[in-house]
1. Between THR108 and ASN255, what FRET efficiency comes out of the Förster formula 1/(1 + (r/R0)^6) with R0 = 30 Å and r the beta carbon distance, rounded to 0.05?
2. Which value at 222 nm does the chain reach when only helices count, each DSSP H run of 4 or more adding -39,500 (n - 2.57), with the total divided by all residues and rounded to the nearest 500 deg cm²/dmol?
3. Which shape class applies to the stretch 157-260: rounded if a/c is under 1.5, otherwise prolate when a/b exceeds b/c and oblate if not, where a ≥ b ≥ c are the square roots of the Cα gyration tensor eigenvalues?
4. Mind running the shape call on the stretch 77-155? Use the C-alpha gyration tensor, a ≥ b ≥ c as the square roots of the eigenvalues: rounded below 1.5 for a/c, prolate if a/b tops b/c, oblate otherwise.
5. Pick out, in residue order, every one of the trypsin sites (Lys or Arg not before Pro) in the stretch 111-157 that is DSSP loop and has at most 12 other C-beta atoms within 10 Å; say none if there are none.
6. Mind listing the long-range amide H neighbours of ILE59? Cut-off is under 5 Å, sequence gap 5 or more, other chains count too, H placed in the peptide plane at 1.01 Å from N.
7. So which aspartates and glutamates pass the test for LYS52, namely a Cα distance under 16 Å, with those fewer than 8 places away in the same chain ruled out?
8. Once R0 is set to 30 Å, what does the formula 1/(1 + (r/R0)^6) return for the Cβ-Cβ distance between LYS60 and LYS227, expressed as a FRET efficiency to the nearest 0.05?
Amino acid sequence: MKYTQISAKNTEILENLIIKHGQIISVQNIYAETGNLLNHKQTEYFISALAKQGWLIRIKKGLYMISDLSGRGFLSLSSYVVANLLNADSYVSFESALHHHGMFDQLTNKVVSVSLKRYKTAKLQDIEYSFIKTKAAYYFGWQEVAIENKTARVATAEKALIDIVNFHKSVYAIDLVIEKLREYKNNIDFAALVEHLKKFSTTTVKIFGFIFDLLGIDSSDLFTLVKNQDGAHRMVANAKKFNAKWRLYYDEYFNKYATL
């Protein structure tokens, strides 16, 4: 993309928009600001030209961010804030939420959120934003956090761990949760974790009960939730090993934790 110098008039328009609305602006904000200077067609061209030049960064239809005037084309907003701007009925969870809580060190170019509605995957500044639709009963366990003078919804550490298992029943997902529970055992609110699990499926509760037993964590409250329920469940699709206590078929990969 070839960048050009921004004119004094356009700079003034952007500065006025920032003063009135901050860096996040709607198309309506732009039309209101340019109403006395440009007609409708000219304003459309203004938006298109500045977007191509990197001064306006499109977040979604009708919503833009004004680029840092000293760092043209760089989306300086936190990815957590962007995710919530893309879809207001969502909260950031999974590895991204764990990263926010200092429990996931790897940098990732993907932010995954839990959402009350379907929303297409979006890509901004090389970061992919995706949204997993859930029912209202599972839409809880998030906090509004202030990031760079903006607000974002981010799952608590406990809810992020549950979401990882509940929405991605895979060896990777369960192994990640085991790793984080081992490593950050003293930072986890287990009372909150168990309370959250009361609202989830029997399979998810059994998986966490199995994990608790592997790690020597008291699983009695979880066992009370499922002990009178008939039938066996599977941790992952091809699980073949059977745990009699939890009536759960699990992957033999997890036997390695039994000696810890």
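1. Efficiency at R0 = 30 Å is approximately 0.55.
2. Helix contribution divided over all residues of the chain: -12000 deg cm²/dmol.
3. Because its axes are fairly even, with a/c under 1.5, the stretch 157-260 counts as rounded.
4. Since a/c stays below 1.5, the shape of the stretch 77-155 is classed as rounded.
5. Those that pass, being in a loop and sparsely packed, are LYS117, ARG118, LYS120, LYS135.
6. Distant-sequence amide H within range of ILE59: TYR64, MET65.
7. Partners found: GLU44, ASP68.
8. So the FRET efficiency works out to roughly 0.05.
Since every read-out is calculated from the coordinates, none of them should be taken as a lab result. These numbers come from a predicted model, not from an experiment. Reconstructed Cβ throughout: ideal geometry from the backbone, glycine too, with neighbour counts over all protein chains shown.
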